[in-house]
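Reviewing the structure listed below.
The values are calculated or read from the model by the stated rules, or taken from the named source; none is laboratory data. Please read all numbers here as calculations on a predicted model, not as lab measurements. Every residue, glycine as well, gets a Cβ built from its backbone with ideal geometry; the counts of neighbours run over all protein chains shown. Ligands, DNA and RNA are stripped out before the accessible areas are found, and what is left, the full protein with its side chains, is counted by its heavy atoms. Shrake-Rupley method; radii C 1.70, N 1.55, O 1.52, S 1.80 Å.
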Amino acid sequence: MTSTVPPGAALPEHPDFLWRTPEPKKTYDVVIVGGGGHGLATAHYLAQKHGITNVAVLERGWLAGGNMARNTTLIRSNYLWDESAAIYEHSLKLWEGLEDDLGYPILFSQRGVLNLAHTEQDVRDSVRRVEANRLNGIDAEWLGPDEVAKICPIVNVSDDIRYPVQGATYQPRAGIAKHDYVAWGFARRADAAGIDIIQNCQVTDFVVDGDRVTGVRTTRGDIGCGTVALCAAGHTSVLLDRLGVRTPLQSHPLQALVSELLEPVHPTIVMSNAVHVYVSQAHKGELVMGAGVDGYNGYGRRGAFGVIERQMAAAVELFPVFARAHLLRSWAGIVDVTPDASPIVGHTPYENVLVNAGWGTGGFKATPGIGWAFADTVAHGRPHPLVAPFALERFVTGALVDEHGAAGVAH
């Protein structure tokens with residue numbers, strides 16, 4: 001029987017009050033630049049784990065209106081290298097208890113992720129990654145084409161397509177969450193702890209005294225600070241340029257698109273690096289599809305017809321059932337990418353300025369984990385072990401964490 005409940009009607013309502021709208025104070029112990037997921041999670045854990053509440057989160061636009069609102073909400077931890085697996089698995093464990101921690105619905109749905117392999121090299125790399133994941137205690141399996149079809153019956157596993165599916169890695173604990181609910185849950189708890197969340201407050205420059213930053217200049221006046229924690233994603237390099245700090249960050253548009261609302265047809269998440277598409281079905285019923293990053297640097301947040309055409313061609317090749325679906329809208333987020341496809345977290349040449357950037361396509365899934373570890377780093381003034389491998393200095397020492405093979409599509 002067809003359901004008579006409209007798609008999305010079962011989503012929980014938000015409470016009438018979420019957070020205050022305070023005026024900025026003259027000074028704070030910690031100023032977090034960026035009111036996206038990472039900034040809000042850092043604020044929450046500073047209060048919850050370290051008792052630090054004289055904190056401001058400065059957001060140049062509206063809360064979580066940047067990448068937090070523009071990602072495809074995929075959550076997984078099946079990265080190749082030990083360093084990456086550790087931080088993403090820590091994050092996944094926090095996701096599994098986050099709804100209780102925040103006292104707020106985040107609609108975390110653990111429906112598993114399939115990473116398809118289409119070539120012999122894909123198969124070798126994927127099996128290697130499964131073995132590495134298992135050594136790190138991460139749930140990971142290698143599946144043949146028939147097993148892929150059992151997990152997701154709508155995937156075309158026939159051998160008469162351009163890139164036949166030769167198997168897939170599978171992480172059952174992976175999933176999706178409702179990104180705006182996540183942001184508002186973090187914001188609500190941070191606000192309740194006394195942290196000021198200040199929207200429409202853009203940081204334009206810094207007040208410097210020797211090797212310390214004593215304040216930030218904003219569109220709402222100067223604000224003094226003890227520590228600056230940068231969580232500005234694709235605009236981090238612009239801010240650090242103001243301090244004369246060079247970083248190997250490149251900002252690229254990353255486009256995504258959604259279909260009209262559909263009945264449940266897609267039971268898991270499917271990614272394909274070779275075909276360049278990843279697809280899940282959102283809580284309301286839209287098919288959410290992500291592309292690879294655009295090849296040029298930029299801050300445009302609009303979709304482009306060429307990308308839409310390629311994405312739909314890729315999606316229909318893997319999922320013939322999508323051929324009759326209608327595209328509803330497309331958009332772009334700005335991802336900050338490093339040469340080794342891993343983030344930059346830790347200290348800068350300024351002793352009280354810390355940076356958290358360069359997550360590329362991994363930012364949303366890392367949200368609670370990096371918020372937890374970055375808050376610890378800010379509170380204690382030294383890198384938490386989970387983020388120590390991702391220091392800026394690795395681009396001088398050569399101790400890179402190259403995750404190109406296990407990062408997002410075309411990352």
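As a test of the formula, what do you get for the chain when each DSSP H run with n ≥ 4 contributes -39,500 (n - 2.57) and the sum is divided by the residue count, at 222 nm and rounded to the nearest 500 deg cm²/dmol?
Mean residue ellipticity at 222 nm (helix-derived): -8500 deg cm²/dmol.
Around A174, which amide H atoms from residues at least 5 apart in sequence, or from another chain, sit under 5 Å from its own amide H, with H modelled in the peptide plane?
For A174, the qualifying residues are G112, V113.
Report relative contact order for the chain in percent, whole number only (criteria: Cα-Cα under 8 Å, sequence separation at least 6).
Computed over the chain, the figure is 23 percent.
How many angstrom lie between the Cα centre of the stretch 172-194 and the Cα centre of the stretch 329-390?
The two parts, judged by their Cα centres, are 18 Å apart.
For the pairs K25/K365; K93/K178; K49/K284; K93/K365, note any where the Cα-Cα span goes beyond 23 Å.
Over 23 Å apart, Cα to Cα: K25/K365; K49/K284.
At a threshold of 8 angstrom on Cα-Cα distance, excluding pairs fewer than six apart, so keeping six or more, what relative contact order does the stretch 156-273 reach in percent?
13
Rounded to whole Å and sorted largest first, what semi-axes of the equivalent ellipsoid does the C-alpha gyration tensor of the stretch 78-160 yield via the square root of 5 times each eigenvalue?
28, 19, 8
Of the listed peptides 310-322, 340-352, what is their order by residue-averaged count of other C-beta atoms within 10 Å, with the highest listed first?
Top of the packing list down: 340-352, 310-322.
Leaving out ligands, DNA and RNA, what percent of the accessible area of the chain is carbon and sulfur, probe 1.4 Å?
52
Given Cα pairs under 8 Å that are at least 6 residues apart, what percent is the relative contact order of the stretch 257-388?
Across the stretch 257-388, relative contact order equals 19 percent.
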